[in-house]
Amino acid sequence: MNFNPYSRSHLGNPHPVYAALREEHPIHLNDRPRFWAISRYEDVENALREWPIFSSASGITLDGFSGIKPMIILMDPPRHAELRRVLQKGTLPEPYSTQYPARRKSTWCRRSRRRSRSW
């Protein structure tokens, strides 16, 4: 099986191709373009735990684009985990719930001022 993710033949409905990969070739080395396709959830989970083997550090796209460095998606542990921990602090529900009343009041005040000017 040769799977070309850029092929137009399955862009409208990729699900049959994905089903065939999961059933017949759950871990598949593709010839052209050359890449590994891992299609089962459990296998993907295992690959993520084996970061020394399945590293993202050299790029995440088939065309070799490695992005503008440093990007967290192109980092492996332990640096990836360190930065993710820092970033998560600002995106967890707690900071939003404590800031929500002030943000809502601020938004309401701006809307009120706009309305009063338009009259």
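All of the numbers you see were taken from the coordinates with simple rules; none came from a lab. Remember, it's a predicted structure, so these values are computed and weren't measured experimentally. Please note: Cβ atoms are built from the backbone with ideal geometry, for glycine as well, and neighbour counts cover all protein chains shown.
General observations
- Residue-wise HN-Hα coupling along the stretch 79-93, computed from phi with Karplus coefficients 6.51, -1.76, 1.60 (Hz; x: Gly, Pro): 4, 4, 5, 4, 5, 4, 4, 5, 5, 5, 4, x, 10, 6, x
- In loop segments of the stretch 36-65 as defined by DSSP, the GluC sites (Glu not before Pro) with at most 11 further C-beta atoms inside 10 Å of their C-beta are Glu50.
- Sparse packing (at most 11 other Cβ atoms within 10 Å of the Cβ) combined with a DSSP loop state is found for the following chymotrypsin sites (Phe, Trp or Tyr not before Pro) in the stretch 25-87: Phe65.
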